[in-house]
Each structure stands twice: as structure tokens, then as C-alpha cells.
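For reference, the structure is listed below as C-alpha cells.
No lab work stands behind these numbers, since they all come straight from the coordinates. What you see is a predicted model, and the numbers here were worked out from it, not measured in a lab. Here the Cβ positions follow ideal geometry from the backbone for every residue, glycine too, while neighbour counts run over all protein chains shown.
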């Protein structure tokens, strides 16, 4: 009887350690899933997000269980895991922000912002909805769930469980991600910025040559039509560039250029 109680006590200890390690993984995965593209969208019900977080936890936990044994029980490791998960999720969310930045620049450069403004919790032009939904569809179709699980597993090598990353390293890495997002957004919208600049220059020359002509009245329909035609041509190329940038991030997610 004593041997049985001893064995049972050991099993209880192992079970507690396993539950604590799984809880830590859930904290990192759940924080990342809260802002992860596609899986963390506001349109996804909270119960579905919870199930997705548990599913990702079941995938990640067995692969990183060896690095969770030395983590002491307490609130500090939990807070660290949440912060790391949010950092990973926000880094991926910035790629969606890059599409929205590009859409805002496109709408302002081609006068589509006022004509086709979208309504919602985050108002943005219709171009923004188009690029965002297309980008999310491409990301999921190209295996976003697989690459996200790989990224979460790899994060334990760079940012071990329960250890707060260095502030200098995190700031450099975060600044690099934000800079890349804005650069990518401007790159995607560059053809429309160039076309809008050329249009304004042409309208200025025509107005200078013929002051009595209603240049803005005649040029507005041409600008809108040209913007729609350019959008149909440039959108596939822009999404290909965006997908390539997302793939490069997954290939080396913690590299600081």
C-alpha cells in the first residue's frame, strides 16, 4: 500500500508539472492568437478562437516540453509568456497593417477614399477591404497555420519560457518590424502614387494652358477610371510582393536587418 501511495504521489507531481507547462504554452499561444491574422480577426467568434488556441497549444506543447521543466510556478512567467505571445502576434499583424496602409495611400492618391469609403469598426476605403481579404485568403491558402505553429515552436529557442527578453533586443526587433510594415505599404502603393502625381501634373499644365476649361470636372472621371484599371492590373502583383515578404519573415522571423 505504501508503494502504491508513493507511486501515485509521483504521478501527481508529474501531472502538475505537465499542467503547468501546458498552461504556459497556452498563455503564449493564446496571446498570439488574439492578434494573429485570419485566426484573430474580429469576425471570428471568441469560442472559435479559444478552440484554435487549444489546438495550437496541443501542437506546440509536445515540441517544447523539454524547456518548460525549469520554469518556476508564479505570476511572472505567465506575464512573460503573454508579452512574448503578443509580440509574435503583433509582428504578423503588421503585415495586415501594411496592406491597410497601402490601401489608404492608394485611396488618397486616386480620390477613391471619398467615393467608396467602407463602414465598420475600423473605417477604411473599399480598396482596404479588397487587399485585406485577398491577403488573408492567400496567407491561409499558403499554409499560415503551419508556418504560425513553426514560428511559435521556434520562438522558444530565441525567447525561452519564463525569461523576459532583453529590452534592447526587443526594441530593435520591434522597430525593424514596424519599419518593414510601413516600407512594404508604401512599396505596394507606389504605382498609384506615381500615377496620381503624373495626373496632377498633367491637370496643372492643362489648367495653365486653358484657364477657362473645367479641368477638375473633366479629369475626375478619368482619374477614377484609370485608378480602377490600374487597380485591376497592379493588385495581383502587389499581393505577390506581399506574400513574398510574409514568406521571408517566416523563413527568418527574428532576424534584425
Measuring from label point to label point, each 7 Å out along Cα→Cβ, what is the residue 145 to residue 72 span in nm?
3.9
Work out, step by step, the length gained on full extension between residue 54 and residue 237: first 0.36 nm times the residue separation, then minus their alpha carbon distance; give nm to one decimal.
62.3 nm
Evaluate the distance, in nm, between pseudo-label points positioned 7 Å from the Cα of residue 137 and of residue 197 along their respective Cα→Cβ axes.
3.2
Ranked highest first by average number of other Cβ atoms within 10 Å, how do 191-197, 40-46, 235-241, 130-136 line up?
130-136, 191-197, 235-241, 40-46
Which order do peptides 183-190, 81-88 fall in by mean Cβ count within 10 Å, highest first?
81-88, 183-190
Where the centre of each part is set by its Cα atoms, how far does segment 168-188 sit from segment 239-257, in angstrom?
11
Length added when fully stretched, residue 171-residue 214, from 0.36 nm per residue minus Cα-Cα
10.3 nm
